[in-house]
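Shown next, in structure tokens, is the structure this report addresses.
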Amino acid sequence: MRQTLFLLLVAGLGHSALAQTVSETNGKAVFDKWCAPCHGAVAPKNVMFGNGALAGTSALAVKYKGKLPAVLEQRTDLTSAQIKTVVRRGLYGMPITRKTEVSDAELEDVVAYLTRNRKK
Amino acid sequence: MVLPPNVSEADFSRALGEFRSAVGASWVFSSDEDVALYRDSYSIYWGEPEERVASAAVAPAKVEEVQQIVRVANRYGIPLYPISTGRNLTYGGSAPNMRGSVVVDLKRMNRILEVDEKRAFALVEPGVSYFDLYHYIQERNLKLMLDVPDPGWGSPMGNSLDHGAGYTLAAFRDHFSSHCGMEVVTPDGDVIRTGMGAVPNSDSWQDFHYGAGPNVDGLFAQSNFGIVTKMGFWLMPMPEAFLSGTVTAPRHRDLDALVQEVSYLEDLGLTGMPQYGSPIAQASFGPGAGAMASLMQNGWPSTEAVERFVTAQKLPAWSVQLYFYGPEETVRATWQATKRRFGKAIAGATFQDGEFLTLPIPREKEPTQSDKPRLGIPSLEVFNMVARNPQTADDPSDGHADLFVTIPRKASALWESSRILFEAHREAGMPARQNPFSTPFTYYSRCFWTGTTVPTWRDPAKNARSRALFQTVMDRCAEHGWVSYRTNPAFQDLLVSKYSFNNNSLLRFQEKLKDGIDPNGIIAPGRYGIWPAKMRKNRA
């Protein structure tokens, strides 16, 4: 019984890991298009008003004061619910994103990408 | 659930069914959760009864589907509100102008139909963003430069239809003026093409914008006479080089002379959008903060006090950055001529060479390139202006609404309008950022815009204060004949009431057109104050 459970878990992990790879790749593409212009890591030195960072990254640096990475792609604590809530409801200056822009399937891919390093 | 006004739940349900037949069930959004995605993220009425929320949204993929949607709306008397990319933040975003409207979300109509490198034009659908068009041009190595607004995730079509503007030469940065030809679904479901597009087999739709007879294109901007489904734009041939330079003027009273010289360059088409600045104002964001606060503490200072302040600060009162596009020989020669003219007109003017670039910018250098929009590269970096920062760390706003008025290119108008803004902020108990060194925006080359961004919140009490500020500034500026060129839907009735020559004859004329073209009043009721006859009582 214990061995069967172990095999089921391994099989499940294997399937999950394979699917996640494709999803993460798609998620990175969606992230690069829709999120990176504000939440990316690279900015011009004299970016307007931004303390040297893009708007989203700059805002999170002010918010977290070094307790968490300001660059979303470096985070290891993000959850699916957090990401979906912020994307669909907006937060402060970040507006709502509609399904004609980022579909539910694409949002799942973004979740897969941003939670790929999540600490278990 | 919100219903369109004067439409029964049963009829609305039937209409939704017909919308689904037209575009497919997955492209009609009617659940509360989905409709909430069409709220204006920056609404100045967030959570209040006056918030302009949709009843549903429908997302067609082609013009024939738009026609079917319009016909269904006519059958049931359902108001439609078209959006292109829906990113017109501060001016309503993806929310309708009137509560209960069905949003026609054109984001799926995202084809770049043609880009002609030799004749320098593009023909696009509504859902194409500046990013999309930029990448299309870049991937094909076409020698064309876009003129992009800030931020760059909006659409060429939507931006131009709301009279948006960019940063390069005057011929391109007035985005409506640089369009050429459009296709429109009219309120009765017909399709028209303007200019040469009305000629079967014409191959000059994007070359000549007038065609013959009345030019009707202007009817479809900031209005509600149809749904635009295609639009052409003239593009700038990729210049060989870009050069910037900065001029400073020492005294506060030098502004008119500076403006005159800048306007000379502008009106000859020799510079991109001039960026006025003030080294003194810039210092007030850092070490000079105390001195500026002291200058303004007892209200707007006298001319003499301002000039004494300039002397004491030991900084130039004004600066202007200029941007030259063209072959290297001509941009360098224009900068030389600029130095000669400004040096003669303004005693003590100084000059600083800026960045020289050969174009296009190599792709690998783009992420770290500054001044992206001035180089035709779309960006969202402008959001830094409103993002949480050390000053707003504990209470960042949830958005903003732009409050800008059009004034002539004159120092006296700039100072008086800045004073109005300063005093209105103080009276409202809000931080007043204006001072005698406030500078104008020159998106449109023949006038100045002056104003500010007013914070919006998801807090009704704070929003009420922001709305009151709008009312005060718009009323006081209008006494001088200074009004906005564009505003949030919450203030469009107020704005058009200021265009009141001859008992509002302009608006009355527009209403006659509305009644004739859209008798059922289904397209964007209330947009820029134009209400259909049956709803004129709705006017704020």
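Brief remarks on what is shown
- Computed over all pairs of different Cα atoms, the Kirkwood value for the hydrodynamic radius of the stretch A:19-114 is 13.8 Å.
- For the stretch B:34-125, the pair-distance distribution built from all alpha carbon pairs, in bins 5 Å wide starting at 0, is 3, 14, 21, 20, 15, 12, 8, 4, 3, 1, 0 percent.
- Proportion of all alpha-carbon pairs of the stretch B:459-540 beyond 14 Å (%): 66
- Nearby aspartates and glutamates by direct alpha-carbon distance to B:Lys344 (threshold 15 angstrom, same-chain neighbours under 8 apart not counted): B:Asp254, B:Asp256, B:Glu261
- The long axis of helix B:328-345 is offset from the longest Cα principal axis of chain B by roughly 60 degrees.
- Separation of the stretch B:226-288 and the stretch B:457-483, taken as the distance between their Cα centroids, equals 28 angstrom.
- Between 0 and 90 degrees, the angle of helix B:411-428 with respect to the longest Cα principal axis of chain B falls at about 70 degrees.
- Of all lysines in the structure, the ones whose alpha carbon falls short of 29 Å from that of B:Lys514, not counting any fewer than 8 places away in one chain, are B:Lys62, B:Lys107, B:Lys230, B:Lys498, B:Lys534, B:Lys537.
- The simple spin-label model puts a point 7 Å past each Cα toward its Cβ; for B:Arg433 and A:Ala105 those points are separated by 4.3 nm.
- Cα-based reach from A:Lys65 at 30 Å (exclusive), listing lysines while leaving out same-chain residues under 8 positions away: A:Lys28, A:Lys33, A:Lys45, A:Lys84, A:Lys119, A:Lys120, B:Lys365, B:Lys372, B:Lys462
- Ascending count of other beta-carbon atoms within 10 Å, so fewest first, for B:Met231, B:Met196, B:Met1: B:Met1, B:Met196, B:Met231
- Spin-label proximity, B:Leu359 to the stretch B:365-383 - amide N less than 18 Å from point 7 Å beyond Cα toward beta carbon: B:365-379
- Dipole magnitude for chain B: computed about the Cα centre from +1 point charges on Lys and Arg Cβ and -1 point charges on Asp and Glu Cβ, it is near 880 debye.
- Helix B:303-313 vs. chain B, principal-axis angle (Cα, 0 to 90°, nearest 10): 70
- Considering only B:Thr229, B:Ser319, B:Ile112, the residue lying farthest towards the positive end of the dipole of chain B is B:Ser319, judged by Cα position with unit charges set on Cβ.
- Projection of the Cα convex hull of the stretch B:112-237, averaged over all directions and equal to a quarter of that hull's surface, yields 7.5 nm².
- Computed over all pairs of different Cα atoms, the Kirkwood value for the hydrodynamic radius of the stretch B:257-340 is 14.9 Å.
- About its Cα centre, the stretch B:216-372 has a charge dipole of approximately 300 debye under the convention of +1 per Lys or Arg Cβ and -1 per Asp or Glu Cβ, with nothing else charged.
- Sorting B:Leu235, B:Leu133 by the number of Cβ atoms found within 10 Å of their own Cβ, with the fewest placed first, yields B:Leu133, B:Leu235.
- The phi-based Karplus calculation (6.51 cos²θ - 1.76 cosθ + 1.60; θ = phi - 60°) puts the 3J(HN,Hα) values of the stretch B:280-296 at 5, 5, 4, 5, 6, 7, x, x, x, 4, x, 5, 5, 4, 5, 4, 9 Hz, whole numbers, x for Gly and Pro.
- For B:Ala401, the amide hydrogen comes within under 5 Å of the amide hydrogens of B:Val454, B:Thr456, counting only partners 5 or more places away or on other chains and with H modelled in the peptide plane.
- Rounded to the nearest 20 debye, dipole of the protein assembly as shown from Cβ charges on Lys, Arg, Asp, Glu: 1160
- Annotation: the stretch B:469-512 has a Kirkwood hydrodynamic radius of 10.9 angstrom, from the mean reciprocal C-alpha pair distance.
- Binning the alpha carbon pair distances of the stretch A:59-120 at 10 angstrom intervals from zero yields the distribution 21, 50, 27, 2, expressed in whole percent.
- Helical mean residue ellipticity (222 nm; -39500 (n - 2.57) per DSSP H run of 4+; nearest 500) of the protein assembly as shown: -11000 deg cm²/dmol
- Label-to-label distance, nm, for residues given as A:Lys65 and B:Ala171 (7 Å Cα→Cβ offset): 5.5
- Value of Rg/Rh across chain B [Cα atoms, Kirkwood radius]: 0.97
- Hz values of 3J(HN,Hα) by residue in the stretch A:63-70 - Karplus curve (6.51, -1.76, 1.60), Gly and Pro given as x: 5, 8, 6, x, 6, 9, x, 6
- With the convex hull constructed from alpha-carbon coordinates only, the stretch B:241-385 shows a mean projected area of 10.2 nm² over all directions.
- Estimated translational diffusion coefficient (Stokes-Einstein, Kirkwood radius over Cα pairs, 10 °C, 1.306 mPa s) of the protein assembly as shown: 60 µm² per second.
- Extending 7 Å from Cα along the Cβ direction at A:Ala41 and again at B:Arg458 yields two label points whose distance is 3.0 nm.
Read the figures in this text as sums done on the coordinates, not as results from a lab. On a predicted model such as this, the values are computed, not experimentally measured, just so you know. Cβ atoms come from the backbone with ideal geometry, glycine included; neighbour counts cover every protein chain shown.
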